[in-house]
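Below is one structure, written out as structure tokens; comments come after it.
The values are calculated or read from the model by the stated rules, or taken from the named source; none is laboratory data. Just so you know, these numbers come straight off a predicted model, no measurement behind them. As a convention, Cβ positions derive from the backbone with ideal geometry for all residues, glycine included, and neighbour counts pool all protein chains shown. Heads up: the accessible areas ignore ligands, DNA and RNA and are worked out on the full protein's heavy atoms, side chains in. Shrake-Rupley method; radii C 1.70, N 1.55, O 1.52, S 1.80 Å.
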Protein chains: 6
Amino acid sequence: MNNQFKTSVYRKESFNAAHRLHNPNWDDKKNQMIFGKCNNANFHGHNYELEVRVTGFCDAETGYVIDVKILSDIIQHAVINKFDHKNLNIEVEEFKNLNPTAENIAFVIYNRLVNRLPNDLDLKIRLYETRKNYVEYPA
Amino acid sequence: MNNQFKTSVYRKESFNAAHRLHNPNWDDKKNQMIFGKCNNANFHGHNYELEVRVTGFCDAETGYVIDVKILSDIIQHAVINKFDHKNLNIEVEEFKNLNPTAENIAFVIYNRLVNRLPNDLDLKIRLYETRKNYVEYPA
Amino acid sequence: MNNQFKTSVYRKESFNAAHRLHNPNWDDKKNQMIFGKCNNANFHGHNYELEVRVTGFCDAETGYVIDVKILSDIIQHAVINKFDHKNLNIEVEEFKNLNPTAENIAFVIYNRLVNRLPNDLDLKIRLYETRKNYVEYPA
Amino acid sequence: MNNQFKTSVYRKESFNAAHRLHNPNWDDKKNQMIFGKCNNANFHGHNYELEVRVTGFCDAETGYVIDVKILSDIIQHAVINKFDHKNLNIEVEEFKNLNPTAENIAFVIYNRLVNRLPNDLDLKIRLYETRKNYVEYPA
Amino acid sequence: MNNQFKTSVYRKESFNAAHRLHNPNWDDKKNQMIFGKCNNANFHGHNYELEVRVTGFCDAETGYVIDVKILSDIIQHAVINKFDHKNLNIEVEEFKNLNPTAENIAFVIYNRLVNRLPNDLDLKIRLYETRKNYVEYPA
Amino acid sequence: MNNQFKTSVYRKESFNAAHRLHNPNWDDKKNQMIFGKCNNANFHGHNYELEVRVTGFCDAETGYVIDVKILSDIIQHAVINKFDHKNLNIEVEEFKNLNPTAENIAFVIYNRLVNRLPNDLDLKIRLYETRKNYVEYPA
């Protein structure tokens, strides 16, 4: 047998966080008009479900693209420990100047993970904000 | 046919909220010891899934225990509109003096709904804080 | 070890059917007012998820309350073969004179199953009409 | 930070509808042979789950590819209001001359949505007919 | 507010295990006839989903029936560490003389947990062997 | 209407199997270090969820890319009947010399299916080992 194509490996993790959507360059009225109830100054929150996809060739000796235990540890260390049971706007460095929309959270998670993975592996992030709303980066 | 037993009708709704667990009669150290990361002063949040169970006899003319459209409107008005995209500790009256654990949120929701339903219907609340943690009131 | 309490066994099946809600004793206006879009004369449909619960003592030799293969065959024969890919109002005997609400469908399924099971086993039906609306009979 | 790649935003909606599979150019025997129980003249039905994927660059001011509230309104207006609690064969214009297979329903939904979205956004439809059968258009 | 009724708290955990169904008092033919493919001498396996329900009164100071972190640790120590990635028939003491049907696994888990919990709390186990087959003990 | 793009059709099936991860070229210590609890000599097991994606143009007469009943039969015959309630290492030919990681199982399933499908259809396999770990081949 000769495994000629790449394989993707997925790992799901989750974190529970508070956030609000807000653009500091806009006045309250515009923030309220654009972000609606997501702009609530007292925050609201979500159970975020994070799906990390890593793509590459299978190692012939292990049968793994990547050991999911190692992948899970990387996600835990770089993302979950920093985001879980936190207020994203206040307690996560990147969101001090970036609106924590699902799109931007996925983008931040991608950047936290991409340099911790071997260079020959491709990375994609899917983030579920709710069962009905989710995003994927890069598309 | 003679429908001799009671039937239960379930309706699921959801709300996304921020909260923290905290007992004001305790010092910070004890709050941290008991509630751990749930005690974070900046709040965290959840996608709460709410399951409302109403039990009674079926009406022979409609075939309904209760019209779920009416049940959904009652839940929307009494609970979702007040809890969704809110900070439970700050913005929901009952939690100004009550710790918003899943147990207490279910208890508060029960009390918000029980008087809005016909007297001959029994009510039970199940509340999912996460996929792995949920409560039921009354048991 | 001495297994002193009863155990419940659950089996999930599903069927896809068309139906409409309608009371022939009412005029069109009242049917429309009470049943709304569920009264559509051309029918609509659902993926019904059926959960059958059977309760009794475990048999010491098999370790089964009931062999779920046998339970599944009973459900298949008495319910799924008659309901799946059918129009409930037109093609299922009991609904020629009974409104196929979720409550009544659960009641009909209970009655189709109860006599096909051993007398010492209790039966309960849960029927999901959608992910958000479901019923249980008997309560 | 410089968000160099495109992001996808997903929105899930649902509708409950009746349908049957039938080719008017074939006789009853061939329709029955090809479409089996899905050919039932009295219709059957499904809880269709619709996943709409929209791909484009994130807006720097909002942090959105598209406001999901706006996306949800477009889907509601162009699809759900016309398909939910309907008989697809009888009540949806496009299926008067098109067999409502999952493939064709996804295709019709794509065409209903594509012109209502900004030109620089890509669109993809995933439609679940059941938990086990679903389609994606375009592939 | 006076919380007059009991509340139930649920915690979900999971374990992945191999097993086979077999009664050593029967010959191979009878074992095969009764247990079918579950009797395979080389074993098969499942992702078991375990739901533990604990019922009691809420503590006024914590707002907890039981701290789910503590409950989770008890389940981890008494069940998951002993069952996960194990062969139930060979490696779990109780199944050396007890057929590991879902009913019996739930019974064994109940007995492993009941004495580790405070006396004033009621315990119930639900165990999912697959998405379609699950049991509850005590009923 | 002119269906200019390809459509994908998905079919989900499942099988319950035992396996262990092991490289016969390594000693026990290295196998234990790399594969951890998955290396258990007595096996463990999973409820594998298999998602088969087939992509091609829709047939104008049927409205199908492929009849899912036919697709399901192919999967049943080539995969499920050979994998379900089996020990993958011992009873499935390909794993006698190939470590049954999720990556390799997806690869084997791909090769079992690809020649049984029409040449103009593309094939992709997604395999869920658990709710949190899954793979896709080819990527």
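Would you confirm whether any residue within region D:123-133 is over 17 Å from the mean Cα position of the chain (by Cα) and open to solvent by 40 Å² or more (accessible area, probe 1.4 Å)?
No, region D:123-133 has no match at all.
If you check residue B:13 against the conditions, is it under 15 Å from the mean Cα position of the chain (by Cα), acidic (Asp, Glu) and either closer than 25 Å to residue E:12 by Cβ or open to solvent by 30 Å² or more (accessible area, probe 1.4 Å) (or both)?
In short, yes.
Could you check how many residues of region B:1-38 are charged (D, E, K, R), over 30 Å from residue C:137 (Cα atoms) and at the interface with another protein chain (Cβ under 7 Å from one of its Cβ atoms)?
Number satisfying all stated conditions: 1.
How many of the residues making up region C:95-117 are within 14 Å of residue C:17 (Cβ to Cβ), touching a Phe, Trp or Tyr at 6+ places or on another chain (Cβ under 9 Å) and not polar (S, T, N, Q)?
Total meeting the criteria: 5.
For residue F:135, work out the one condition from (1) part of a strand (DSSP E or B); (2) touching a helix residue (DSSP H, G or I) at 6+ places or on another chain (Cβ under 7 Å); (3) more than 7 Å from every other protein chain (Cβ to nearest Cβ); (4) not hydroxyl-bearing (Ser, Thr, Tyr) it doesn't fulfil.
It fails just one condition, (3).
Going by the structure shown, is residue A:47 touching a Phe, Trp or Tyr at 6+ places or on another chain (Cβ under 7 Å) and within 9 Å of chain B (Cβ to nearest Cβ)?
no
Give just the number: which of (1) surrounded by fewer than 18 Cβ atoms within 10 Å (Cβ to Cβ); (2) at the interface with another protein chain (Cβ under 10 Å from one of its Cβ atoms) does residue D:96 not satisfy?
Of (1) surrounded by fewer than 18 Cβ atoms within 10 Å (Cβ to Cβ); (2) at the interface with another protein chain (Cβ under 10 Å from one of its Cβ atoms), only one is false for residue D:96: (2).
Being crowded, with 20+ Cβ neighbours inside 10 Å, touching a helix residue (DSSP H, G or I) at 6+ places or on another chain (Cβ under 6 Å) and either of a type outside the set (Lys, Arg) or modelled with pLDDT under 95 (or both), is that true of even one residue in region E:66-76?
no
Could you list, in sequence order, all residues of region D:102-122 that are at the interface with chain F (Cβ under 10 Å from one of its Cβ atoms) and open to solvent by 20 Å² or more (accessible area, probe 1.4 Å)?
D:110, D:111
Could you look through region C:32-64, keep only residues that are open to solvent by 20 Å² or more (accessible area, probe 1.4 Å) and under 22 Å from the mean Cα position of the chain (by Cα), and pick out the one that is nearest to residue D:88 (Cα to Cα)?
C:43
Could you check region B:112-139 and list, in sequence order, the residues that are among the polar types (S, T, N, Q) and in contact (Cβ under 8 Å) with a residue 12 or more places away in the chain?
B:130, B:133
Based on what the data block shows, is residue E:32 under 26 Å from residue F:16 (Cα atoms), without any contact (Cβ under 8 Å) to a residue 24 or more places away in the chain and outside any strand (DSSP E or B)?
When the stated conditions are applied, residue E:32 passes them.
When the residues of region E:54-92 are narrowed to those that are without any contact (Cβ under 8 Å) to a residue 40 or more places away in the chain and within 14 Å of chain F (Cβ to nearest Cβ), which ends up farthest from residue B:35 (Cα to Cα)?
The selected residue is E:90.
Filter region F:97-114 down to the residues that are out of contact with any strand residue (DSSP E or B) (no Cβ under 7 Å at 6 or more places or on another chain) and at pLDDT 95 or above, then identify the one that is nearest to residue E:14 (Cα to Cα).
For region F:97-114, the residue satisfying everything is F:101.
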